[in-house]
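The structure appears below as structure tokens.
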Amino acid sequence: MMKIFLKKLLYRLQIHLKLKRMKHYLFLVLFVLVSFSQIGCSENKLDDNDLEILLQLNNAHEINNSKISDTADIKIQFLKVIEYSICPADVNCVWAGRAIIELKINNDSIVKIALLDNEIPNKITFQNYEIELLDVIPINENEYTIKLKITS
């Protein structure tokens with residue numbers, strides 16, 4: 001009788017120890033997942049000198065980094081989409097595609113900037129500003145919104 005009792009007790013103790021170990025592993029996995037998610041989120045933070053803007057076709061945005069003057073340092077206008085062939089997210093494509101747009105800066109400089117292109121850069125420098133194209137968002141067939149990151 002005592003032998004059966006000891007076997008049952010030993011069996012319960014083994015199960016208890018396995019569950020305890022599993023809790024430790026689960027805690028470790030959760031800790032690692034949370035840590036990596038925090039690292040991923042911190043990459044998207046903007047510095048104090050960064051500005052993200054959304055521009056619709058033919059709209060402009062004025063940027064003033066000076067605390068002394070109210071006049072704009074630069075004015076960026078989204079002129080047109082030259083090419084938009086980016087593969088939709090829910091489709092398997094052979095080629096990722098690309099997006100090429102045209103911007104007008106300060107009413108005189110017209111520049112091309114692109115996403116996923118080897119020849120045309122996705123960022124340019126104008127005066128003391130770096131202008132980076134982050135996204136081209138199709139609204140419908142002829143309407144687009146762009147997302148720019150401006151760093152001074």
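The values are calculated or read from the model by the stated rules, or taken from the named source; none is laboratory data. Predicted, not measured: the structure shown is a model, and the values here were computed from it. No Cβ is skipped: glycine too gets one built from the backbone with ideal geometry, and neighbour counts run over all protein chains shown.
In a residue-by-residue description of region 95-105, the property of being of a type outside the set (A, V, I, L, M, F, W, C), under 18 Å from I53 (Cβ atoms), surrounded by fewer than 16 Cβ atoms within 10 Å (Cβ to Cβ) and modelled with pLDDT of 90 or more applies to at least one position. Quick one: is I124 at pLDDT 90 or above, surrounded by fewer than 18 Cβ atoms within 10 Å (Cβ to Cβ) and β-branched (V, I, T)? Yes, satisfied.
If the requirement is being in the same structural domain as L55 (by TED's automatic domain parsing), in contact with a Cys (Cβ under 9 Å, 6 or more places away or on another chain) and over 23 Å from D73 (Cα atoms), which of these qualifies: A114, A96?
On the way: A114 fails: in contact with a Cys (Cβ under 9 Å, 6 or more places away or on another chain).
Checking each option against the conditions leaves just A96.
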